[in-house]
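Participant: Structure incoming, see below.
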Amino acid sequence: MSATDQTQGESLAGRLAATATANVRDKIIGPRPVVYRRRQREFWLLGAVLLFALPLLTTGIYGLGVARNAMLLSILALGFYFQFALSGQFSLATGAFYATGAFTSAWVSPHGGPAVGFVAAVAVTALLGALVKLLLSRSPLIQFGIATLSFSELVFLVYRNWTQFTGGNLGRFGLQSFKVGGYSFNTSTRHYMLLVGFVLIGVYLLILFERSPAQRDQIFTRDMGAVAKTTGLHTRRLQIVAFALGGAYMGAAGSLFAHTGNFVHPSSFSTEISLEVMIMVLIGGIRSPWGPVVGAIVLTVLPEWLRPIAHYQDLVYAGGILVVILLLPGGIVSLPTVVRARVEPLLAKRRKT
Amino acid sequence: MSVVADTRPLLRCADITVRFGGVVAVDSVSVDLAEHEVLGLVGPNGSGKTTLLNAVSGLVDARGRVEVSGTPIPLGRPGAIVDHGVFRTYQTPQVDRSLTCMENVLVASPNAACRGPVGAWIRRRAMWKHEHERWDEAADSLRRVGLLDRANDLAAGLPYGQQRHLEIARALTARPTLLLMDEPAAGLSSTETRHLIELLAQLQDDGITLLVIEHKITFLEEICHRIVVLEMGRTIAEGTPSEVWANPAVMAAYLGEAK
Amino acid sequence: MARFISLIAAGVAQGAIAALIALGIVLLHKATGIVNFAQGDLLTLGAYVGYWLIVKHSMPTLPAYLVTLVLVFLVGVAIERVGYAPLRKQPILAVLISTFALALGLRSLIILWQGADDRNLPSPFKSNVWHVAGAAVPYQNILIVIATLVVFAALSWLLQRTAVGRQVRALAADRETALLQGIRVERLSIVMFGLSAALAGLGGLMVAPTLTVTPTLGFPLLLASFAAVVLGGFDRIGGTVAAAFAIAIVQQILGGYVSHSYIEAYPYIILLGSLMIRPEGFVRGVTGVRY
C-alpha cells in the first residue's frame, strides 16, 4: 500500500489536511475517478468483525462445519467474481479448479509442508486457468460456458481414475494442517480463523483491484467486446488474466479445504459446486467484492434454516435467482442502495408537505 | 486548408471486398488517404460506408489489402490497425454505460504501465504515479470535447450527442495519427455541429488525418479536401466536394434512379 | 462382427437421442439467439409424464405420447414467459442464468411430484430385439432412430418451406435486420420455445425405456448433445444431426475397442477440440455483423 492511499488518514487533522491537498491536486491533476474516492476501509473492518462473529449464528450439531463451508465457498465465489462479474466470462469449471487446488496441495505438501502445497495449488490452478482460456479464447460466450462444463466433467473423470495423483477411491488422508512458526492451525476454531483471514485477504485484494486501472479495463472489455479491441485494449490478455486470477482463488480454496479438513476425495467435488457458486455470486451481488461472501454465507446458512422444508430448497434457490435477475440485479449487497433510492424521494415528499 | 503532399499515402485500401453470405456489401473498393488530408465518405444508406470502415478496423472479414504508411495490416483482426495509430468512432456511440466518462476515456490511454494486477497489488506507488499522468491526459481530452464537468458522471446519463463527443475524447486520448469517424454529426443541432467542425479543424491542426462518413453536405464542404462516393458497395465518384456534387451519377444515386 | 454391429447400433441410437436434443437447442438458438439450459430437464419431464400416464394410469401408448408432447410443449411456453420474455432488454447472460434457474426449479418440481426413486418406462415393443449379423438390436433403438429421422425431415421442411421457417432463418442470419423487417418475434419465440421443449420431451419418451428414469436423466444427455451442437456451429440442422451420430458412433467404437473407463470422455474431448480448432463449428453458416 502506498503513501498516497494512507492520505485518507486516521486523525481528523490528517483528514482535513488530506482534503486540502486533494482539492489542490484535483485542480492540478484533474478529476479523480469516483471509485478512487470511495471509503472502503470502514466496510472492510465491519466485514471483518461480522465474519469473526459468524459462528455464533451457525454452531449447531455440526459445530463450526457450516461456518467453515461458508468461508471456503466464499473464496470460491470471490474467484468466480473475477471471472464472471469483472470480465463477464461464464464458467462452470469452478469445481474442477477447486479439486485441482485441493489435490495439488495434498500431493505437494508431504514434500515441503502445507504452505508449499498452497503455493503450488495457486500456481497450478492459475496456469491451468490461463491455458484453458488461451486455448478457447476465440469461443463466444455460450460456447465457452459449454466448454468449461465439458472441461470440468473431463477433469472429474480423470481425477476419479488417476489414483497416483488423487488417491482414487481412497482419497488422500492424514494431510497436515497449516503451521506458522510453532503455531499449528489444527483445531476447528483455528481452522475457521485461518479461513476468515484468507477470505478477508481475498476481499481486500478485490478492493485494491477495484481501486486501480485494472478494474475499468476489465469492465470495458466485458461490456464492449470487439469494440474494446479498437480502443487499444488487449482484450485477450485481459480475459486470460481475469480467468487465471479466478482460477488461482479457487485453487487457494482447494488447498485450504485440504489442510483444514485433512482429507480429500474425488467425490467431494462435482459440477454442483460450480452451479452453487454461480448462484451465490448472483444472489449475493455482482457489483461489489462483498457480494460473493454475502451470497456464500446466505446460501450455506439458509439450508440449515430451511431444513424443515428441505424438499423445497432447490425451488427456493430457483425462485431466488429469478427474483434477483428480474428485480434486484445487484444482488443482496445492493439492497441498501436500492431501498435508499426508493425511500428517499418518499421522505423528501413528506418533508415538503 | 492546404494539403501536405506525401510520397506514400497514410492509408491505402486496395480492392476491399466484404461479403455477408450471398450479399456483397463492399465490392472491390480502393481508397487512398494522404497524410493530413480530410476525406469524406458519402453515399446513400446501405452503400457500404460503415462496412468499409468495419473492414479497415478489422471488425468484419474482408478481402483485399490495407496498408498504413506502407505497412500491410492483417484483415479481420480488430486490434491490428490500432497498433498503427488508427482509431475510430461508431455510428451508434459505443460507450460503456456502467463506467463514468472519465473511465470510458481512460481505457484508451496508450500508457500501459502498471495497469494490471501487478500494479494493483504490488507496485501501487508506481501505479498511482502513472494514474495521475493518465488522468491528466483523459481530463485534457474531455476538456477539448467539452465534457470535463461531466467527467465523473456515468456515461449512461449522457444524451446521444455527448456520447458521440465522449467517443471522440476516447479516440483522442489514444493519440491517433488517423481517425475514422462514422457519422459524427448525426443527431447534432446546428450549434453542436459548428462546435464539432471547430473541433475537427483543431484536430487537423494537431496533425491528425481524418476520414469522415457523413450525410450533411455543408459539414462535408467545410472540412473535407476530398470526397469518395459509394453506392451499392462500389465507388461511383471521387474528387473535391464541388466536383462530386456536380457529378450526375452522384445525384442519381441519392435520388434513387435505377441504374 | 457381432460386437461391431451392436456397438454401431448402440451408437446410432445414442446419436439419435443426442440429435433430438441438439435439434431442439439449435432450433431455439436460431430463433432467439440463446441456449435453454433447461432442455435436459425437459427431457426428464417427458420421461416422467410418459411414465405417469402409461404406467400409473395405464393410458395406451400413442395417446400418452401425444399428451406428453403437448404438456411439455406448454411447459416450454411457460419457460419462455417466465425466463425469456421479461428479460428481453437484458444481456444474454441474464437469460442463460434464468434458464439455469428454471432447470433447477423444474428438476425439484419433478422430484416433489414423483419422488427421487428410480422409475421404469417400458418400451412399446417390450424387450423384443432384432437379430442381425449375430447382434441383438432392440426394437426400441430402431424406433428412436426412425423418430429422429422423421423429426429431422419435418424440421427441414418447416425451415425451408414455411413462412415460420423463413422467419427463423432470417433471425438466425441477421437478427437486427430481421427485427426491423417486422417479424412477430413474441409469437415466434413462444412457438419455438414450445417446439424445442417438445423435441426434448420426445427424446425423453424415446430414451426412457433404454435407461432408468431418474430426476437427473436429462443433464448428462444434454452435455453429450452439446458436442453435436458445437460441431454443427449452432446453425445448420443437417450438420448437427450428422455430428450427433458421428460423435456417438465414435464414442461407442472407441469405448468398445480402446478404453472403456474413459468412454464418457470422448464427447467432451471432441467438443473441446472442436472449439479450439474452429470455434464457429465445422458446418458453414451465415452470419451478419452490426455495429
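The values are calculated or read from the model by the stated rules, or taken from the named source; none is laboratory data. The structure presented is a predicted model; accordingly, all values stated were derived computationally and were not measured. Reconstructed Cβ throughout: ideal geometry from the backbone, glycine too, with neighbour counts over all protein chains shown.
Participant: Which residues, taken from the range A:127-150, are buried (at least 23 other Cβ atoms within 10 Å of the Cβ) and either more than 11 Å from chain C (Cβ to nearest Cβ) or outside any helix (DSSP H, G or I) (or both)?
Facilitator: A:Leu128, A:Gly129, A:Lys133
Participant: Ok, one more. Within the range A:194-204, does at least one residue satisfy the condition of being under 17 Å from the mean Cα position of the chain (by Cα), within 13 Å of chain B (Cβ to nearest Cβ), surrounded by fewer than 19 Cβ atoms within 10 Å (Cβ to Cβ) and part of a helix (DSSP H, G or I)?
Facilitator: Yes, the range A:194-204 contains a residue that is under 17 Å from the mean Cα position of the chain (by Cα), within 13 Å of chain B (Cβ to nearest Cβ), surrounded by fewer than 19 Cβ atoms within 10 Å (Cβ to Cβ) and part of a helix (DSSP H, G or I).
Participant: Test of understanding: among C:Phe219, C:Phe226, which residue is in a helix (DSSP H, G or I), within 28 Å of C:Ile34 (Cα to Cα), within 12 Å of chain A (Cβ to nearest Cβ) and in contact with an Asp or Glu (Cβ under 8 Å, 6 or more places away or on another chain)?
Facilitator: On the way: C:Phe226 fails: in contact with an Asp or Glu (Cβ under 8 Å, 6 or more places away or on another chain).
The unique qualifying residue is C:Phe219.
Participant: Hey, another quick one. I'd like to verify a number: residues in the range B:102-121 that are surrounded by 23 or more Cβ atoms within 10 Å (Cβ to Cβ) and among the β-branched types (Val, Ile, Thr), how many?
Facilitator: 2
Participant: Mind listing whichever residues of the range C:80-94 are more than 8 Å from chain A (Cβ to nearest Cβ), under 22 Å from A:Ser91 (Cα atoms) and in contact (Cβ under 8 Å) with a residue 24 or more places away in the chain? Working first, answer last.
Facilitator: Going through the range C:80-94, the residues more than 8 Å from chain A (Cβ to nearest Cβ) turn out to be C:80-81, C:84-85, C:88-89, C:91.
So of that shortlist, the ones also under 22 Å from A:Ser91 (Cα atoms) come out as C:84, C:91.
C:Tyr84, the sole residue that qualifies.
Participant: Continuing with this model, one more query. If you scan the range C:95-123, which residues turn out to be farther than 27 Å from A:His311 by Cβ and either at pLDDT below 85 or away from chain A (no Cβ under 11 Å) (or both)? Break it down into steps so the answer makes sense when it comes.
Facilitator: If we filter the range C:95-123 for residues that are farther than 27 Å from A:His311 by Cβ, which is where we start, we get C:95, C:122-123.
Result: C:Pro122, C:Ser123.
Participant: Given the conditions (1) over 16 Å from the mean Cα position of the chain (by Cα); (2) more than 7 Å from chain B (Cβ to nearest Cβ); (3) under 18 Å from B:Glu131 (Cβ atoms); (4) of a type outside the set (Val, Ile, Thr), and given that A:Gln215 satisfies all but one, which numbered condition is not satisfied?
Facilitator: A:Gln215 satisfies all of (1) over 16 Å from the mean Cα position of the chain (by Cα); (2) more than 7 Å from chain B (Cβ to nearest Cβ); (3) under 18 Å from B:Glu131 (Cβ atoms); (4) of a type outside the set (Val, Ile, Thr) except (1).
Participant: Still on this structure, I have one more. If you check every pair at least six apart or on different chains, which have Cβ atoms under 9 Å apart with a residue in the range A:248-262 that is at positive phi first and a residue that is at pLDDT below 95 and among the hydroxyl-bearing types (Ser, Thr, Tyr) second?
Facilitator: A:Asn262/A:Ser177
Participant: Right, here's the next one. When you check A:Tyr159 against the structure, is it within 30 Å of C:Phe226 (Cβ to Cβ), among the aromatic types (Phe, Trp, Tyr) and in contact (Cβ under 8 Å) with a residue 12 or more places away in the chain, yes or no? Spell out the reasoning first.
Facilitator: Numbers: within 30 Å of C:Phe226 (Cβ to Cβ): yes; among the aromatic types (Phe, Trp, Tyr): yes; in contact (Cβ under 8 Å) with a residue 12 or more places away in the chain: yes.
Yes, satisfied.
Participant: List every residue pair whose Cβ atoms lie under 9 Å apart, where the two residues are 6 or more positions apart in sequence or sit on different chains, the first residue falls within the range B:7-25 and is at positive phi, and the second residue, located anywhere, is surrounded by fewer than 22 Cβ atoms within 10 Å (Cβ to Cβ) and modelled with pLDDT of 90 or more.
Facilitator: B:Asp15/B:Ser28; B:Asp15/B:Ser30; B:Asp15/B:Arg63; B:Asp15/B:Gly64; B:Asp15/B:Arg65
Participant: I'd like to know if the range C:60-79 contains one or more residues that are within 14 Å of chain A (Cβ to nearest Cβ), part of a helix (DSSP H, G or I) and surrounded by fewer than 17 Cβ atoms within 10 Å (Cβ to Cβ).
Facilitator: yes
Per-residue answers, yes or no, for (1) modelled with pLDDT under 90; (2) under 28 Å from B:Ala108 (Cα atoms); (3) more than 14 Å from chain A (Cβ to nearest Cβ):
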| residue | (1), (2), (3) |
| --- | --- |
| B:Ala5 | yes, no, yes |
| B:Cys13 | no, yes, yes |
| B:Thr17 | no, no, yes |
| B:Gly21 | yes, no, yes |
| B:Ser28 | no, no, yes |
| B:Ser57 | no, yes, no |
| B:Pro78 | yes, yes, no |
| B:Arg88 | no, yes, no |
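Participant: Still on this structure, I have one more. If B:Gly187 passes every condition in (1) in contact with a Phe, Trp or Tyr (Cβ under 7 Å, 6 or more places away or on another chain); (2) farther than 21 Å from A:Ala228 by Cα; (3) within 11 Å of chain A (Cβ to nearest Cβ) but one, which one does it miss?
Facilitator: Against the list (1) in contact with a Phe, Trp or Tyr (Cβ under 7 Å, 6 or more places away or on another chain); (2) farther than 21 Å from A:Ala228 by Cα; (3) within 11 Å of chain A (Cβ to nearest Cβ), B:Gly187 comes up short only on (3).
Participant: Can you name the helices (runs of 4 or more DSSP H) wholly within the range A:1-106 that have at least 2 residues being modelled with pLDDT of 75 or more and away from chain B (no Cβ under 14 Å)?
Facilitator: Working: elements: A:12-29, A:41-53, A:55-58, A:65-80.
The helices (runs of 4 or more DSSP H) meeting that bar are A:41-53, A:65-80.
Participant: If we scan the range C:99-114, do we find a residue that is within 15 Å of C:Leu28 (Cβ to Cβ), buried (at least 23 other Cβ atoms within 10 Å of the Cβ) and free of Cβ contacts under 8 Å to residues at least 40 places away in the same chain?
Facilitator: no
Participant: Out of the range A:172-192, which residues are surrounded by 14 or more Cβ atoms within 10 Å (Cβ to Cβ), in contact (Cβ under 8 Å) with a residue 40 or more places away in the chain and in a helix (DSSP H, G or I)?
Facilitator: We begin by selecting, within the range A:172-192, every residue surrounded by 14 or more Cβ atoms within 10 Å (Cβ to Cβ); these are A:172, A:175-179, A:185-186, A:188, A:190-192.
Filter again for in contact (Cβ under 8 Å) with a residue 40 or more places away in the chain, leaving A:172, A:175-179, A:185, A:188, A:191-192.
Correct list: A:Ser188, A:His191, A:Tyr192.
Participant: Any residue that is in a helix (DSSP H, G or I), surrounded by fewer than 18 Cβ atoms within 10 Å (Cβ to Cβ) and not acidic (Asp, Glu) - is there at least one of those in the range B:224-236? It would help to see each step written out before you state the result.
Facilitator: Pass one, the range B:224-236, residues in a helix (DSSP H, G or I): none.
So far as the range B:224-236 goes, no, none of its residues is in a helix (DSSP H, G or I), surrounded by fewer than 18 Cβ atoms within 10 Å (Cβ to Cβ) and not acidic (Asp, Glu).
Participant: Taking the range B:197-216 on its own, how many of its residues are within 24 Å of B:Pro44 (Cβ to Cβ) and at pLDDT 90 or above?
Facilitator: To start, the set of residues in the range B:197-216 that are within 24 Å of B:Pro44 (Cβ to Cβ) comprises B:197, B:200, B:210-216.
So of that shortlist, the ones also at pLDDT 90 or above come out as B:197, B:200, B:210-214.
Final tally of qualifying residues: 7.
Participant: A further question on this structure: Looking at the range A:222-231, is at least one residue more than 9 Å from chain B (Cβ to nearest Cβ), surrounded by 17 or more Cβ atoms within 10 Å (Cβ to Cβ) and not in a helix (DSSP H, G or I)?
Facilitator: No; the residues of the range A:222-231 include none that is more than 9 Å from chain B (Cβ to nearest Cβ), surrounded by 17 or more Cβ atoms within 10 Å (Cβ to Cβ) and not in a helix (DSSP H, G or I).
Table: residues versus (1) in contact with a strand residue (DSSP E or B) (Cβ under 9 Å, 6 or more places away or on another chain); (2) farther than 30 Å from B:Cys13 by Cβ; (3) more than 8 Å from chain A (Cβ to nearest Cβ); (4) at pLDDT 95 or above.
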site	(1), (2), (3), (4)
B:Val31	yes, no, yes, no
B:Asn45	no, no, yes, no
B:Thr50	yes, no, yes, no
B:Pro93	no, no, yes, no
B:Ser98	yes, yes, no, no
B:Lys129	no, yes, yes, no
B:Glu133	no, yes, yes, no
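Participant: Quick check on the range A:235-247: of everything there that is within 10 Å of chain B (Cβ to nearest Cβ) and under 15 Å from the mean Cα position of the chain (by Cα), which residue is nearest to A:Phe220 (Cα to Cα)?
Facilitator: Just the residues of the range A:235-247 that are within 10 Å of chain B (Cβ to nearest Cβ), to begin with: A:235-238, A:241-242, A:244-245.
Add one more test, that the residue is under 15 Å from the mean Cα position of the chain (by Cα), and what stays is A:242, A:244-245.
On the way: A:Ala242: 13, A:Ala244: 18, A:Leu245: 18 Å.
Checked the range A:235-247; the qualifying residue nearest to A:Phe220 (Cα to Cα) is A:Ala242.
Participant: For the range C:128-141, which residues satisfy the criterion of being touching a residue at least 60 places away in the same chain (Cβ under 8 Å) and either outside any strand (DSSP E or B) or under 20 Å from C:Leu211 (Cβ atoms) (or both)?
Facilitator: C:Ala133, C:Gly134, C:Ala135, C:Ala136, C:Val137, C:Pro138, C:Gln140, C:Asn141
Participant: Ok, one more. Quick test of your reading of the structure: A:Leu200 fulfils all but one of (1) at pLDDT 90 or above; (2) touching a strand residue (DSSP E or B) at 6+ places or on another chain (Cβ under 7 Å). Name the failing condition by number.
Facilitator: Against the list (1) at pLDDT 90 or above; (2) touching a strand residue (DSSP E or B) at 6+ places or on another chain (Cβ under 7 Å), A:Leu200 comes up short only on (2).
Participant: On to the next question. Could you figure out which of (1) more than 29 Å from C:Ala170 (Cα to Cα); (2) crowded, with 24+ Cβ neighbours inside 10 Å isn't true of C:Val241?
Facilitator: Among (1) more than 29 Å from C:Ala170 (Cα to Cα); (2) crowded, with 24+ Cβ neighbours inside 10 Å, the lone unmet condition for C:Val241 is (1).
Yes or no, residue by residue, for (1) within 13 Å of chain C (Cβ to nearest Cβ); (2) surrounded by 15 or more Cβ atoms within 10 Å (Cβ to Cβ):
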| position | (1), (2) |
| --- | --- |
| A:Val277 | yes, yes |
| A:Gly284 | no, yes |
| A:Val298 | no, yes |
| A:Arg307 | no, no |
| A:Ala310 | yes, no |
| A:Gly319 | yes, no |
| A:Leu327 | yes, no |
| A:Arg350 | no, no |
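Let's see how each residue does on (1) under 22 Å from C:Ser108 (Cβ atoms); (2) not charged (D, E, K, R):
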position	(1), (2)
A:Pro292	no, yes
A:Leu299	yes, yes
A:Glu304	yes, no
A:His311	yes, yes
A:Leu315	yes, yes
A:Gly319	yes, yes
A:Leu327	yes, yes
A:Ala348	no, yes
